[in-house]
Every structure is written in C-alpha cells, then in structure tokens.
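Heads up, the thing below is written out as structure tokens.
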C-alpha cells in the first residue's frame, strides 16, 4: 500500500489572485450547500469542482517550481484548499508549525492530499478476523406490526442498556406507526429513571441528533380543552386529505428528496422546532398529525415534540393519526401528565 | 453402485420417470440408457469410460455419475460412484466440460426430483405475484415497499433461467423468498442460474438492511396457521434443492441448522461464493476483512451491483488506506484533504478500469487490412497492481495496440514488450514523473506510461510517455461522486 501524505505549495502573488477568486466561490458554494435541502448536492459538487481546480493549478505550478513546495506526513483537517492566515483560526486544523509560521506571515499556501506516494504503509488492524455476521433474530409475537415493534423495542432496550453508547436506533427499519408508538412508550419517564439520549443512525450511515428517551412524563387521558390544529405531515402526498386538515406541516418538495436520511431528519427537526414555537406563541394547542409515513420526517418531528414537552410542559398536545385502509386511527397523545 | 441402482429404479418409477435414462429401454429409445451411452460416446469431446449417464441437464448435456471403473465392466454393480458431472455433447470451452453438478449421485437424484416437483408450483406462484405486482405498482406507476412481494425473472438470450418472488419480512428482519425456481440451460455454465439468482437475493437482502437471513416459503402464522386459497395451510419451504446443490458442489452446506433458512453466516459465505473475484482482489479483500476494515457483504455488494469493478476495487484496497471510507461513501466534503485524497484514489481507479475495458475490447484489425468478423470478442488481459507504487501492469501480446497514445497516431507495443505499465495519476506531479522514470529503468522491456485525464496539460512534462483516458477530470469526478453516493445510500 502506498503512502499518503500532503503537499504544501507556496502560491506566488500572480497566482494568488486567481486562486483566491476560485476559493471564494468554493467557500460560497459550501455556505449555500448548508442552506439547501438535504440531498441536494449541487453546491457540494460545485465546491468540490472549484477545490479540485485550485489543487490542480497548484500541483502543476509545484511541478515547475519544486522549491516552492514540500511534502509532509501530517494530514491536516481543513475545509479549504487555499490556506491563508484566517485558516489558522479553524479549530484542530493540524497544520505543521512551519506552515503555520508562513501563513502567519501572510503567505498563501495550497494544501493537497496525495494518496499514492511510493512506499509501504501498514494499516492498523481493527481486530483479528472478519466482523462477525449479524445474529439471526426471530419475533415471538405474531403479526407484522407486532414483529416490527418487538424488533424495534429490542434495539431501543439495547441502546438504553448501553446508556446512549455505541448502539444506535434506525427509524427506517420500522413502519411509521410502530416508530411513533414505540418512541412514545420509551419517551415516557418513570419515577426513578434518568433521561438517556440514544443515537440515531440511518442505514445509509447518516447520523441525526440523539433522541431523548425516558425524558418526560406523558399522560394518556383527559385531553385538555385546547383549540385543535389538524395537519398532514407532508404536503401533496395525499391531496384527498385536504378537506380534513388545516395545513401541511412539511413541504413535500423540501423534505422528500433523495439523500442522507440523517440530514432529512435534522431538517425536519429544525423546521418543527421553529413551527412548534410559533404554535405555542398563540397559546396551548392540540395538534392532530395525520401521518402516512416517511420515517426521517416522523423522527425529526417527534424529537422536536419531545424537546418542546420537556422544555415547555403543558403547552402542547400532539395526537398522531395513522392511515389504515380508508381512514385514520388515533394513537396515544403526546401530552405531559 | 447398488444403492445408486436402487435409487434410479425408485426415481424412474416416480418424479424422474420422464428424465432418467432407463436401462430397460431399447438402444434406439432416446430415454434409454443405451441410447444415452451411445450419444455420450459420440460427443465432440470423448468422455472418460467411467461416466454413467443419469439424465439430461439440457438439450445438449448429460448429468453423469463418475464411477470407479469402466461402465461396461461386468462388476460395475460392485463399484462405487463419486460425484456427478455435466458432460456436453457439443462444442464447449474446455474449462466448462465436466463441471461438477453434485458431490454424490444419490443427493443429485434426490435434489433433481425435489426441484422438478417444485418447479410448476413455483412458476404459478410467481405468475400470480407478477399479476398482482402489475396491477398494484406498474399500472399506478408506484414503487413497492421492501416488504411487498416482488416477482423476479432472470433471462439470458431470451431464455428464462430463473423465477422468484421475494420481500423483506419483519418477523425475522430478513428476506423472505416465497417462490424460487431455476434451470440449467445449454448456453450457460453449470449452476449459473442459481449463482445469478443467489446474487440477486443477497444484494436485495443487503439493501433491505436486515440481518441477511433468507427464509423460503410463506410466513407461518404462529397463531395456528393462516390458510391459503384451496384450504392448504401456509408453510415454510426448505432451501431450494437447486440452490443447495449449487452450494454443496462448491463446498458450502446451506440450511445446516434450519432447513428453511440461509442463516446470516451462511449468507456471507454464499455471497463470497457467488461473487466472481480475481485472485488479487480476493487476497486484498480477505486481508481487509481480517483487519475489519470492511465487511464481506459490503464488498460483494459493491462488485455485484456494478458500483466498482474488480480491478478498481483491487487498486483501491491494494494502494490506498482510504478504501474503507470510500466503500462506505467517502468522507465529509468539508474535510477537504481527506475528501481530496479519496477523490484522487477513486479517479485513478476509474481510469484504470476504463483502460482495462479498452484493452480487453481492442480490435486486432485496427490499422490492418484484415476485416474482423468476431462478435462480442473480449480478450482477457492479465493485470497486476504494484501496491507500493500504485502502478498497474497489463500483460499484453507483443505488438498490441495501445489506446489513447500521445500523438494521435496508432501506438503498438514493441515486438519485445511484455507488458504495458501505467501509472494512473489524475493530477500528476514531478515526483510521479521521477517514479515513472524509475519504473522505466527497472522494466526496460515494458511500455511505461503516465495515465492522465483527457484535459491534463502535458507540456509541463516534456518527453514523458503518456496515455490520456477519454474522461476529463470533471467527468471523472462526476463518475466518482455517483459511486460514492450509491455506496453511502445502498443499505436502506
């Protein structure tokens, strides 16, 4: 296996202007990417293309002026190809001292990871022998929904036992109803239990914020006499519900995009926190949430509901409505006791 | 052999009546043993004298038991039979003649009988599933959820070789295959239908994200059993006999603990069995498995789903410490150094993959006055990755056409050249040129080139022999991004 190292190229003034312009565009693309809906990778692609242009020009320059470049085994962690004095403010950048000194003097440097330098690298072994295959698992309860619930409960119990350690829950493994109802049971705090935030990791490897379990005491009966707002979780998906609901909680065009589920979850959470704050500002409300699926959105929404119930108890009640066949069935309310 | 004789008589009166070669029939009866032996003797490649024809595999090949003596020997009944092989009567590639069908003739007859018995019900069940699927999803333009029954038909050259109906099952968090049937055909290698179907099932099980367990037949309702149409009780089925035979002939026992299930551990072994890998990739892959850098299932999926090719994966695993991250979808784009290094390794891998395809499909007729008439001609080119230099050696015939050469003229290797050596470097640096010179000095008989993207400015490196692949750096990046994204979201 070859050696990976990093090349630092000191950029001359005549090239600095051109590369700085490219880097500015790349930085702007990266900033725009953060504002885009999850799954929209156009700006990330633009950022990468611009960074590649900078790296390519710098490598070509370094080939003609070898004295203006140098290799090091240290692999820094920076978000830009063109480094300037401002780059020193990036936390944990890992830049070598001599490079830091040059940057501090105002020199511009392009840094590029070079994966194929001649030599032999020994890769640290993560263990002896391959990762073991998964254990076979079998539901003890009959029926698909019960089996899903049992599987999800097993995962939640494991995550709780590890107190939010390495074991994560994956909302995509279960249906919308099982996800909502099981999470509600586990959000319930019993006397003497302590809140545990369990990690959420989707099967595509993307990670969302942890979900707070055993976090709030929920009531089941005596719904308050608050005004009711009826929502469908996602717009457009089931227009036949339009005459039943007052509005849609999420815009389908923003949420239902191909892309890392963790990002969709994060987006759904952020939107929900803002909207729940607006709803609460008008007084306590009951939200009837008509939901037909899309687990990252469901998870993001109920995480926001849980946080709201923790921080502002007695201001919100969410009643899930699950689509079954031709109608909706009501789930247990998310309401503080 | 006496056991085999008894088994033949039993099956000849039962499920295999229309298939087994009957010793009692006349020499001119195509279903008689004498006729089959004569046909075997007339095969283009003469078989050994100790092959006893059992039954046809397809129109032009026979399943034959390997005996310990000449089949005309009077003491044949006292002898022993070993494995069952497939003997082709017509023209066939030498390495495909005599492939093992099963390890034991009794097991073969038993599995063939079970397979034939289950074929028609499976075909009908898949037909039903296909009609339902059409009405529910094709007509409405909808996509089924993983837990909905999906019919699958495998065909090769307009011949159906396999049918199945499958869905993800929450009861055991794995793949349920309600129906399964395959067949061997004349134009495919032995067991190819089972290999292809197993690959498809395993890729689906991987994508569905469960435990990788595969169970067969319909779900058993634990509350007393659900009844199907016609009043029959729904039930699970054993692992299909054809699939078990395919695995058994290659040293893997399926359904060892539970006859209806391919366990996650067996699924892993089966995935490795059905995934074609070069020896070099196998070495690098097992090294990575042992070091827990990557799971076998993920690597097999990357290959079987066509995301990365054999040579590309070998290159990545052999030359880059970032292969693990690459196969999991790559680093965060904001970590530019890591992402840049991964991109560079991936671009190089894609370039050599493209070059290998080009070399394997190159026409010897280019530049000559001879007209080439071969169709689908593909010359396998042996290759080796030089791990410590990230260089690739292609073993080609002297005088081979070299594509993508510098001046636009047709380049050929010298009459003395033994190999084309390429140093794939999407963004070449002076240190790469120095390495190229070292390789050239070390390998004077080989044609050594720097392999770069189409839009690389080579005037900075005068006198450096180079090949330019047809993709520009931007295009390579698009290809790489697609591969990384597919790997990241592959296991939903």
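Number of residues in segment B:428-485 that are under 30 Å from residue A:206 (Cβ atoms) and within 9 Å of another protein chain (Cβ to nearest Cβ) equals 6. Across segment A:268-275, a minimum of one residue is classified as away from chain B (no Cβ under 14 Å), part of a helix (DSSP H, G or I), surrounded by fewer than 16 Cβ atoms within 10 Å (Cβ to Cβ) and modelled with pLDDT of 85 or more.
For (1) on the phi < 0 side of the Ramachandran plot; (2) in a helix (DSSP H, G or I); (3) at pLDDT 95 or above, each residue gets a yes or a no:
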{"position": "A:296", "(1), (2), (3)": "yes, yes, no"}
{"position": "A:302", "(1), (2), (3)": "yes, yes, yes"}
{"position": "A:307", "(1), (2), (3)": "yes, yes, yes"}
{"position": "A:314", "(1), (2), (3)": "no, no, no"}
{"position": "A:317", "(1), (2), (3)": "yes, no, no"}
{"position": "A:323", "(1), (2), (3)": "yes, no, no"}
{"position": "A:328", "(1), (2), (3)": "yes, no, no"}
{"position": "A:332", "(1), (2), (3)": "yes, no, no"}
{"position": "A:335", "(1), (2), (3)": "yes, no, no"}
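Exactly one residue out of A:130, A:118 is surrounded by 15 or more Cβ atoms within 10 Å (Cβ to Cβ) and touching a residue at least 24 places away in the same chain (Cβ under 8 Å): that is A:118. Does residue A:99 qualify as being part of a helix (DSSP H, G or I), closer than 22 Å to residue A:209 by Cα and within 13 Å of another protein chain (Cβ to nearest Cβ)? Here the answer is no, as residue A:99 does not meet what is asked.
Within segment B:384-405, residues that are at positive phi sit with their Cβ atoms under 7 Å from residues that are part of a strand (DSSP E or B) and buried (at least 20 other Cβ atoms within 10 Å of the Cβ), at 6+ positions apart or across chains, in these pairs: B:390/A:116; B:404/B:467; B:404/B:468. Restricting to segment A:30-60, give me the number of residues that are more than 19 Å from residue B:473 (Cα to Cα), more than 10 Å from chain B (Cβ to nearest Cβ) and assigned to a helix (DSSP H, G or I). Counting residues in segment A:30-60 that are more than 19 Å from residue B:473 (Cα to Cα), more than 10 Å from chain B (Cβ to nearest Cβ) and assigned to a helix (DSSP H, G or I) gives 3. One residue alone among A:103, A:83 is more than 29 Å from residue B:455 (Cβ to Cβ) and buried (at least 19 other Cβ atoms within 10 Å of the Cβ), and that residue is A:103. Within segment B:126-140, the presence of at least one residue that is surrounded by fewer than 18 Cβ atoms within 10 Å (Cβ to Cβ) and outside any helix (DSSP H, G or I) is confirmed.
Among residues of segment B:188-210 being at pLDDT 90 or above and not in a helix (DSSP H, G or I), the one that is nearest to residue A:178 (Cα to Cα) is B:191. Does any residue of segment B:327-336 turn out to be part of a helix (DSSP H, G or I), surrounded by fewer than 23 Cβ atoms within 10 Å (Cβ to Cβ) and facing chain A (nearest Cβ under 8 Å)? Looking for residues that are part of a helix (DSSP H, G or I), surrounded by fewer than 23 Cβ atoms within 10 Å (Cβ to Cβ) and facing chain A (nearest Cβ under 8 Å), one finds none in segment B:327-336, hence no. Give segment A:132-144 a look and list any residue that's in contact with a helix residue (DSSP H, G or I) (Cβ under 8 Å, 6 or more places away or on another chain) and at pLDDT below 85, or say none. Scanning segment A:132-144 gives a single hit, A:141. Looking only at segment B:137-152, decide whether some residue is under 22 Å from residue B:275 (Cα atoms) and away from chain A (no Cβ under 14 Å). Yes, the conditions are met somewhere in segment B:137-152.
Would you check if there is a residue in segment B:368-375 being surrounded by fewer than 23 Cβ atoms within 10 Å (Cβ to Cβ), within 14 Å of chain A (Cβ to nearest Cβ) and either farther than 23 Å from residue A:2 by Cβ or modelled with pLDDT under 90 (or both)? Among the residues of segment B:368-375, not one is surrounded by fewer than 23 Cβ atoms within 10 Å (Cβ to Cβ), within 14 Å of chain A (Cβ to nearest Cβ) and either farther than 23 Å from residue A:2 by Cβ or modelled with pLDDT under 90 (or both), which makes the answer no. Taking the conditions (1) at pLDDT below 95; (2) touching a helix residue (DSSP H, G or I) at 6+ places or on another chain (Cβ under 9 Å); (3) surrounded by fewer than 22 Cβ atoms within 10 Å (Cβ to Cβ) in turn, residue B:152 satisfies each one other than (1). Every listed requirement among (1) more than 14 Å from chain B (Cβ to nearest Cβ); (2) in contact (Cβ under 8 Å) with a residue 40 or more places away in the chain is met by residue A:161 save one, (2).
Annotation: of all residues in segment B:453-492 being under 32 Å from the mean Cα position of the chain (by Cα) and without any contact (Cβ under 8 Å) to a residue 40 or more places away in the chain, the one that is surrounded by the fewest Cβ atoms within 10 Å (Cβ to Cβ) is B:482. Here the condition is being part of a strand (DSSP E or B) and either at positive phi or within 24 Å of the chain's Cα centre (by Cα) (or both); of A:180, A:232, it holds for A:232 alone. Consider residue A:106 carefully, then state whether it is at the interface with another protein chain (Cβ under 8 Å from one of its Cβ atoms), modelled with pLDDT under 90 and assigned to a loop (DSSP other than H, G, I, E, B). Taking the combined requirement at face value, the residue does not satisfy it. Given the criteria crowded, with 16+ Cβ neighbours inside 10 Å and within 16 Å of residue B:171 (Cα to Cα), does residue A:183 qualify? For residue A:183, the condition - crowded, with 16+ Cβ neighbours inside 10 Å and within 16 Å of residue B:171 (Cα to Cα) - is not met. Among the candidates A:16, A:6, the residue that is touching a residue at least 40 places away in the same chain (Cβ under 8 Å), farther than 22 Å from residue B:478 by Cβ and assigned to a helix (DSSP H, G or I) is uniquely A:16. Summed over segment A:73-86, residues that are away from chain B (no Cβ under 11 Å) and either assigned to a loop (DSSP other than H, G, I, E, B) or touching a helix residue (DSSP H, G or I) at 6+ places or on another chain (Cβ under 8 Å) (or both) total 3.
The values are calculated or read from the model by the stated rules, or taken from the named source; none is laboratory data. Source: prediction; values computed, not measured. In this analysis, Cβ positions are derived from the backbone assuming ideal geometry, glycine residues included, and neighbour counts consider all displayed protein chains.
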